[in-house]
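Just below is one structure, and these are the notes that go with it.
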């Protein structure tokens, strides 16, 4: 589970990094995505490089990553409100990320089964919200800016 989380965080960080450079090229707000990408890459590499150490602190690493990512998603969504409608999907995704991270910090005692369930629920909610945002952005690009 530790290595899988590390791979997920690394891939997410790389993709955020790529999106940040594309946003910078288009003169859009790119710095929250860049920070999110750097955080994801750092957490991913650290987790993969030291899985035994990370296993002990995995709960807190995932919680911190979720809170940082969530705050940056909220900031990006707030900034996008001038450019598009339905930016609330990104804000809601950020709120879900922050909530998930806080839950991991507040209740560190649950066993691995509960942790796996929380991660699964979070990823399902996160995935649904990101798909909704992607569909909105796709139609926004196809039909022009509102």
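No value in this document is a laboratory result; all are computed from the given coordinates. What you see is a predicted model; the values in this text were computed from it and never measured. Ideal geometry is used to build each Cβ from the backbone, glycine not excepted, and the neighbour counts take in all protein chains shown.
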*So what's the gap between the Cα centers of segment 38-62 and segment 89-104, to the nearest angstrom?*
19 Å
_Would any residue of segment 27-71 have its amide N under 16 Å from a label point 7 Å out along Cα→Cβ of residue 83? List them or say none._
27-37
*Return a whole-number percent for the relative contact order of the chain, with Cα pairs under 8 Å and 6 or more residues apart as the contact set.*
20 percent
*Please give the calculated 222 nm ellipticity per residue for the chain, where each DSSP H segment of at least 4 residues contributes -39500 (n - 2.57) and the sum is spread over every residue; nearest 500 deg cm²/dmol?*
-30000 deg cm²/dmol
*asked:* How would 118, 31 line up from fewest to most surrounding beta-carbon atoms within 10 angstrom?
replied: 31, 118
*Under the classification rounded if a/c is under 1.5, otherwise prolate if a/b is larger than b/c and oblate if not, where does segment 27-81 fall, given a ≥ b ≥ c as square roots of the Cα gyration tensor eigenvalues?*
oblate
_Let's test this: bin the Cα-Cα distances of the chain at 5 Å from zero up to the farthest pair and state each bin's percent._
2, 10, 17, 23, 20, 13, 8, 5, 2, 1
*Under 14 Å from a point 7 Å along the Cα-to-Cβ line of residue 64: which residues of segment 19-48 have their amide N that close?*
39-48
*Most to least packed among 4-10, 120-126 [average Cβ atoms within 10 Å]*: 4-10, 120-126
